[in-house]
1. Based solely on C-alpha atoms, express the radius of gyration and the Dmax of segment 208-255 in angstrom.
2. Can you say what percent of the DSSP beta bridges in the chain, counting only those with both residues inside, are antiparallel? Round to 5.
3. Just want the ordering: Tyr211, Tyr131, from fewest to most Cβ atoms lying within 10 Å of their own Cβ.
4. What's the whole-number percent of alpha carbon pairs in segment 144-299 lying beyond 28 angstrom?
5. Ranked highest first by average number of other Cβ atoms within 10 Å, how do 43-50, 306-313 line up?
6. If we count other beta carbons within 10 Å of each Cβ, what is the order of Trp73, Trp284, fewest first?
7. Using r as the Cβ-Cβ distance of Trp73 and Asp163, and R0 as 30 Å, what FRET efficiency do you calculate, to the nearest 0.05?
8. What translational diffusion coefficient, in µm²/s and rounded to a whole number, does the Stokes-Einstein relation yield for segment 30-333 at 4 °C and a viscosity of 1.567 mPa s, taking the hydrodynamic radius as the Kirkwood radius over Cα pairs?
Amino acid sequence: MVVKRRRSTVWLLVTGALLAAALGGSYRLMFQMPGSSYRGTPPPLDTRGEALRERLRSHVRELSVAIGERHAWRPKALHAAADYIERAFRDAGLEPRRLPVTTGGRVFHNLEVRLPGRGASDEILVVGAHYDTVRDTPGADDNASGVAVLLELARLLQGAALDRELRLVAFVNEEEPFFASDAMGSLAYARDARAQGDAIVGMISLEMLGYYTDVPGSQAYPPLLDLVYPDRGDFIAFVGNLNARPLVRETIGIFREHAELPSEGLAAPELLRDILRSDHWAFWEAGYPAMMLTDTANFRNPHYHGPSDTWERLDYARMARLTRALAETLERLARG
């Protein structure tokens with residue numbers, strides 16, 4: 001996830017005023033979501049769930065330990081991460097495409113697999129996760145966790161009967177200083193899709209999916225959102241702008257039918273700048289509806305963007321439950 005810039009007092013006041021107005025008059029538009037968040041103690045993982053948990057753990061360890069810090073200033077590591085993702089997609093029975101992204105005279109790659117739609121529609125769903133890190137962090141949660149889920153979605157959905165085409169993409173260069181630049185992998189991808197006239201009806205960015213805690217007071221928020229959402233960091237968040245509200249509502253509604261994990265949803269004006277902080281923003285720029293799925297990053301995880309963002313701090317059982325429910329959700333979404 002892209003680094004959060006320091007907020008000014010004016011920005012906080014404006015955001016607070018906006019949210020106060022929303023709480024007063026537009027509560028339903030921003031906060032109310034279909035279905036109910038999961039509550040209670042989930043049953044133990046079954047044999048397949050245990051195997052999924054171990055594969056997720058293995059992906060995160062490979063990316064954050066064996067490869068480690070991965071960005072344009074460590075090009076060998078960034079290429080090694082791309083090679084690993086390519087092999088994992090192939091192991092899932094899919095054939096990845098490498099899509100070049102030029103960065104300061106070097107070429108790195110987005111990696112894409114396509115699960116074809118079998119209906120009459122040419123509509124497309126995109127699910128993506130960035131695989132680069134900021135400097136000085138192994139990036140286990142940010143964003144080896146998102147990549148691990150992406151790779152296991154490929155395994156779970158390979159061969160699924162879909163009406164809409166589903167594209168799974170690992171993006172390069174989401175982090176600063178590349179965010180919003182021509183070298184940002186997701187922005188290059190979204191612009192190319194728009195130029196080709198691709199009918200993308202929704203994009204979901206997988207952004208930090210592994211850090212959970214049941215401790216009271218462990219969850220923070222931008223101004224006033226703590227009046228609406230729980231104070232424990234035990235949930236996964238579905239986040240979009242107002243234009244993506246139908247996508248957010250449909251996605252979380254289906255997810256809640258299958259999930260054994262709490263979930264919260266938000267569709268807010270872009271003046272709430274924290275909702276922009278991932279690859280979904282690039283698709284907004286290209287005119288596509290898009291949303292972020294996240295554990296809320298620095299609003300929960302004290303190891304965000306630091307050397308202590310390490311693999312053993314993540315909750316792989318919850319990640320496995322998330323991945324299974326998300327696979328069911330995507331299969332439904334891709335049926336139109």
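1. 12.3, 34
2. 40
3. Tyr211, Tyr131
4. The proportion of pairs with Cα distances above 28 Å equals 19 percent.
5. Put in order of decreasing packing, that is 306-313, 43-50.
6. Trp73, Trp284
7. The value I calculate is 0.10.
8. 68
The numbers here are math on the coordinates, done by the rules we state, and not lab data. Keep in mind that this is a model prediction, so the values were computed, not measured. Virtual Cβ from ideal backbone geometry, glycine too; neighbours counted across all protein chains shown.
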